[in-house]
Each structure stands twice: as structure tokens, then as C-alpha cells.
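Report on the structure given below.
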Amino acid sequence: MAKKKAPSDKEGEKQQGFKEIIPEVTEKLVEQARKEVARERWVTPHKLAQKMGVKVSIARRVLRILEEEGVLVLFTRNRRSPLYLPKKKVPTAPPRGL
């Protein structure tokens with residue numbers, strides 16, 4: 001049987017560096033997204049990720065947080081990407097019979 005090696009300091013540094021590469025959703029990131037969203041007519045995770053320079057998965061999390069806060073409204077969701085509208089720009093349906 002082969003003996004397992006004890007983890008060296010170098011391996012610990014690699015793992016710690018990996019955590020630094022993946023940004024967590026911070027309040028600063030959410031605030032930056034809030035400013036970006038206010039300027040747009042509609043927002044998707046891909047569009048926000050390009051504007052902010054983050055991964056699409058992070059942008060998706062940020063958009064969910066903004067939806068929970070009431071800044072955004074989920075307009076439609078297809079199998080790939082949800083479409084959000086800022087709360088101020090949500091269309092209202094015209095009265096029936098016109």
C-alpha cells in the first residue's frame with residue numbers, strides 16, 4: 001500500500017489562492033449592480049456579467065438578490081436566461097376594450 005503524503009504548505013497556498021479567484025457576492029458588488037440596473041431598460045445575467053466584468057453565475061446571484069430587494073421584477077424566464085426589468089420600467093397592460 002502506498003502511503004499518503006501529508007499536505008505541504010504549497011498545496012495549502014494553492015487552495016487559498018483558488019478561493020481568492022472566485023469572488024463572492026459582496027455588498028459593494030450588489031451596490032454596483034444596482035447602479036448599472038437603474039440605467040438599463042432590461043437586464044439578463046449575461047448582460048450584467050459583461051458590464052461588471054464578473055462570471056455569469058455571480059451576476060445571476062446578484063440579480064436574484066436585487067429581485068428579493070424589490071429593485072427588479074422577473075419579466076420572463078426561458079430555459080437559458082431570465083429577463084429582469086427595473087421596477088420603475090415595468091409595463092402596465094392597457095385597459096381592456098380599447
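The values are calculated or read from the model by the stated rules, or taken from the named source; none is laboratory data. Model, not experiment: these values are computed from the prediction. Cβ coordinates were reconstructed from backbone atoms using ideal geometry, including for glycine residues, and neighbour counts include every protein chain displayed.
For the reader, a short list of remarks on this structure follows.
- Residues that are without any contact (Cβ under 8 Å) to a residue 40 or more places away in the chain, surrounded by 13 or more Cβ atoms within 10 Å (Cβ to Cβ) and part of a helix (DSSP H, G or I) within the stretch 53-89 comprise 56, 58, 59, 60, 61, 62, 63, 64, 66, 67, 87, listed in sequence order.
- Here residue 42 passes the criteria (1) exposed (fewer than 10 other Cβ atoms within 10 Å of the Cβ); (2) at pLDDT 90 or above except the one numbered (1).
- Cβ separations smaller than 6 Å between residues 6+ apart or across chains give the following pairs from the stretch 35-52 residues that are more than 16 Å from residue 73 (Cβ to Cβ) to residues that are buried (at least 19 other Cβ atoms within 10 Å of the Cβ) and modelled with pLDDT of 90 or more: 49/59.
- Residue ID - modelled with the highest pLDDT, chosen from residues in the stretch 9-39 that are under 21 Å from residue 82 (Cβ atoms) and among the small types (Gly, Ala, Ser): 33
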